[in-house]
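Here the structure is laid out as structure tokens; the discussion comes afterwards.
Only the coordinates and a few stated rules stand behind these numbers; no lab work does. Source: prediction; values computed, not measured. Positions of Cβ are backbone-derived with ideal geometry, glycine not excepted, and every protein chain shown enters the neighbour counts.
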Amino acid sequence: MLKYGITYVHEHITIDLSGVKDNDDCNLNCLEATIKEFKDLYNLGVRNIIDVTNIGMHRNPSYVEQVAHASGINIIHSTGWYQERFLPDYIATTPIHQLADQLIMDIQMGMDGTNIKASVIGEIGTSKDTITENEEKVFNASIIAAKETGVVLSTHCTLGMLGLEQIQLLKKHHFDCRKAVIGHVDLSGNIQYILQLLEEGVYISFDTIGKENYLPDCQRIDMIKQVINAGFIDKLMLSMDITRKSHLRHYGGIGYSYLLHTFVPLMREAGIMEDHIDHMLIHNPMTFFTRSNIQ
């Protein structure tokens with residue numbers, strides 16, 4: 001499923017949350033600017049992007065394929081539903097098994113009337129400080145579909161929290177935690193909590209690199225060093241979670257390349273070994289996504 005090289009494990013190529021957020025900046029629909037940035041990423045060694053834009057985020061598989069074709073980057077598509085505020089109304093009234101069937105169709109047949117198939121279920125999310133009834137329903141449907149198809153799960157933890165509760169949902173339905181990546185956990189800023197997650201066998205992603213309005217990158221780097229020291233470097237992956245026009249270089253943002261141009265040198269300066277950097281960017285994603293039965 002992946003080509004050998006750097007993988008960004010939690011990104012959005014196009015996403016539209018502007019209706020709920022009442023902010024056009026949240027409608028990331030900048031095709032040419034995105035292609036330009038992705039060509040630059042390719043030249044920096046990026047070979048794979050996991051696009052976790054799903055049904056509730058106004059995904060556009062054909063748009064994504066345009067970016068993949070123009071840039072040369074292998075982009076992996078996802079299916080699923082996001083979190084409560086962004087869930088379609090039918091989630092509340094549709095039986096879990098029918099929701100699971102919809103995900104299975106996206107994986108086995110193709111999404112949104114195309115023959116473009118999803119290979120990941122994600123990002124499935126929980127709200128701040130709570131898991132709503134509908135969010136648990138989405139998790140349950142996602143687990144059914146993932147077990148049926150063999151794909152991996154990618155989650156969204158609002159502000160990095162409730163990862164342990166997400167894991168309990170997975171374990172309740174006997175899902176293999178090695179096939180789940182718990183997302184945004186860097187935003188928690190809580191290394192003891194992060195190590196608790198890792199003890200459960202899941203992968204984690206520090207996937208809001210560069211979003212220093214939430215957490216300084218120096219703190220992310222300090223937590224990475226503690227993850228390494230605790231012996232869990234083989235379970236940590238990195239990404240940026242670009243979601244807004246203003247994140248792109250064309251609009252004055254740091255751009256997708258910040259992870260490689262800025263954050264990686266900062267890790268080196270902090271004494272993080274090259275082998276550990278390669279694990280986070282190359283080897284761990286290869287290992288995790290090959291756990292999927294879809295090749």
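Numerical summary
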{"read-out": "Estimated D of region 1-60 in µm² per second, where Rh is the Kirkwood radius over Cα pairs and Stokes-Einstein applies at 37 °C, 0.692 mPa s", "value": "260 µm²/s"}
{"read-out": "Kirkwood hydrodynamic radius of region 204-295, from inverse mean 1/r over distinct Cα pairs, in Å", "value": "14.0 Å"}
{"read-out": "Modelled FRET efficiency - R0 30 Å, ASP129 with ASP222, Cβ distances, 0.05 increments", "value": "0.75"}
{"read-out": "Subset of LYS3/LYS211; LYS171/LYS211; LYS3/LYS179; LYS171/LYS235; LYS39/LYS245 violating a 21 Å alpha-carbon distance limit", "value": "LYS3/LYS211; LYS171/LYS211"}
{"read-out": "Per-residue ³J(HN,Hα) for region 4-10, Karplus 6.51 cos²θ - 1.76 cosθ + 1.60, θ = phi - 60°, Hz, x for Gly and Pro", "value": "5, x, 6, 10, 8, 9, 8"}
{"read-out": "Rh (Kirkwood; distinct C-alpha pairs) - region 167-216, Å", "value": "11.6 Å"}
{"read-out": "Residue order, fewest to most surrounding Cβ atoms within 10 angstrom, among CYS30, CYS177, CYS218, CYS157", "value": "CYS218, CYS177, CYS30, CYS157"}
{"read-out": "Nonlocal amide H pairs with THR126, under 5 Å, H built at 1.01 Å", "value": "HIS156, THR158"}
{"read-out": "Convex hull volume per residue in cubic angstrom - Cα atoms of region 93-141", "value": "83 Å³"}
{"read-out": "Fraction of beta bridges assigned by DSSP in the chain that are antiparallel (%, nearest 5)", "value": "10 percent"}
{"read-out": "Long-range Cα-Cα pairs in region 40-96 (distance over 15 Å), rounded percent", "value": "56 percent"}
{"read-out": "Percent of C-alpha pairs per 10 Å bin, region 182-254, short to long", "value": "20, 51, 21, 8, 0"}
{"read-out": "Burial ordering of THR155, THR287, fewest other beta-carbon atoms within 10 Å first", "value": "THR287, THR155"}
{"read-out": "Likely footprinting exposure, THR7, THR243, fewest C-beta neighbours within 10 Å first", "value": "THR243, THR7"}
{"read-out": "Calculated Rg and Dmax of region 16-118 using C-alpha coordinates, Å", "value": "15.1, 47"}
{"read-out": "Reference-scaled alpha-carbon Rg (2.2 N^0.38 Å with N residues) for region 6-289", "value": "0.93"}
{"read-out": "Helical mean residue ellipticity (222 nm; -39500 (n - 2.57) per DSSP H run of 4+; nearest 500) of the chain", "value": "-10500 deg cm²/dmol"}
{"read-out": "Evaluated over region 144-280, the Cα radius of gyration and Dmax, each in Å", "value": "15.3, 45"}
